[in-house]
Structures are given as structure tokens and as C-alpha cells.
Ligand code: PMP
């Protein structure tokens, strides 16, 4: 396997040389944005959708990305090629760049662009079949009026506080509510529930990232003929659901078998979740940008 090389502002450098300034505002303040993208069999899955979200996040926080959309796509392709990856995960980071100790972004003359590509191992096939155990946590989603969860910003402390509560409960992913008590999402995954054949997911205004996997599942439901409703729901609805699953770039479509001690459905991945995962996996090396000729 090739030695890992990292894209850093137009250069390809080794892991040892991939260093960021202590004055970088991404480091000092979480001022920046990022994407997590999967490569499946040499295909950058949903590349366009990820780049659209990146450039939208940049616009929202008035961050000038120094690469055009086409140049960014090329940088992703080249980074994957140089790392000789066919399957893996890409972390694309655009930070406000180095400035002074004040928080003013006007003091940061140029954004920094970093692309890290590497292999990924997350859940076992048994986990997809058996489902995860999850819990709800007391940490609430930050309100969209303060920092909109649609912005995939480097400021992930809200999510990290959820992850800490998940760790304390001994589970891999937890359920976060919004300030009104509606189910929002996981620490880094969107959530779906299924009741009597209808698939539900919270609308993003409740306080969720517009997940690319979430959008793919919504499209698949339409294609496969499952009724889908984007509407707010509560923990009660989760407890009494027939099926529950999380979606995310890394997690794909992972069933939940237990929430706060309540067994969900049969206590394993249910039939619709299993069907959606199978259909999802059929699209992952087709829909996107090809890295190799
Ligand atoms: N919510 C949050 C907070 C996330 O960080 C992510 C990304 N892992 C998701 C949802 C899922 O989004 P996507 O399907 O685009 O990976």
C-alpha cells in the first residue's frame, strides 16, 4: 500500500509534514467547515452532493474557498489516486486559515484546504444484522437560530458532548433531542423510524444536518414505494416504532435494536431497514465520480 499522502493547500505531503499553524482559526475557534465522503470501488459516492453542501456551508459562514468546484473535485480524485485507494473515507476540511489571536475572520487572509484519504472500518456485518443499542441523552441540539446544524462546521462540540454521553452509557451512537424535545439526530448520524410501513425522519429544521445518506434513503423510499414523511416526532414514537435506523456516510444504514431499554420491533434489523441497506449498497459504486479510468 502507498504511504499516506495528504493534500495541504495544493501540495501533497506526508503525514509527518501535514501540519497546521497554531494560529489557524479552525484550531483556535472551530472556524471552518468539513465534509466526510466515502469511496466505494473507486467511486466518490455522491461527490457532487458533498461538494454542494461544502460550498453552501462556506457561503453561509462567508468563507472563501480558494478552489473552484472543478478544482476541488480534481484535488479529491488526485488525493485518492496518490493514496492508491479503491475503498475508503475522505475528510475534506476548509478552515478560515491562520490569523491572529482575535476571532475576527478579516484577520485571516486565506482559507486552508486539507484532504485526508484513508481506509475506514466502522461497524461489522453482524452489527448491521443485529442492530445497535442506543440511548437518548440530555445534551440538546444547539438551536438553529444560534448555529444552524445545516452548516457542517468545524465546531462540533455540541456533537462531541453527545458522544461523551454515549460513551458513558457504553453505546456507539446516541439520540439527541432539540430544545423543544423533538428527536433531532445522532451525534453524527441522521435518524429514521418506521411505523406500520411508513418511514419517518425529522425535518432538518428540527435541528439536523441535511445528510447525504438521509437524502439517498428518502430517494430510495420513493423509488421502492415506501411512504415517507418528514415530520417531527418524540422519543415515545421511537420507543414504539417497528424499526429504527441511523444513516451517515460512515455508518451507512445501521439498524437500532434497543433504545433506552426498550426493544425495537423484533430486536434486530427489521425488513424495511434491511431492504433499504441492500438497495443503498447497490448504488454506492455507481452514483458519483470515478477516480480511475
Ligand atoms: N448528522 C451529523 C451531525 C453528521 O455529522 C453527519 C455526518 N456524519 C450526519 C448527520 C450524516 O450525514 P451524511 O449522511 O451526509 O454523512
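Derivation of every value follows stated rules applied to the coordinates shown; laboratory data play no part. None of the values given here were measured: they were computed from a predicted structure. Cβ sites come from the backbone with ideal geometry, for glycine too, and all protein chains shown count toward neighbours.
Things to note:
- GNM flexibility winner over the chain from 262, 96, 38 (Cα, springs under 10 Å): 262
- The distance linking region 96-133 with region 1-50 is 8 Å (Cα centroid to Cα centroid, whole angstrom).
- Shown for 238, 22: other C-beta atoms within 10 Å of each C-beta, ranked fewest to most, produce the order 22, 238.
- GNM result for the chain, Cα springs below 10 Å: residue of 257, 81, 214 fluctuating most strongly: 81
- Max mean-square fluctuation residue, GNM over the chain, Cα-Cα springs under 10 Å, options 176, 72, 62: 62
- Listed peptides 271-281, 131-141 appear in the order 131-141, 271-281 once ranked by packing, highest mean of other Cβ atoms within 10 Å at the front.
- Burial ordering of 240, 5, fewest other beta-carbon atoms within 10 Å first: 240, 5
- Rounded to 5, the percent of DSSP beta bridges in the chain classed as antiparallel: 85
- Counting neighbouring Cβ atoms within 10 Å and putting the fewest first, the residues 236, 25 line up as 236, 25.
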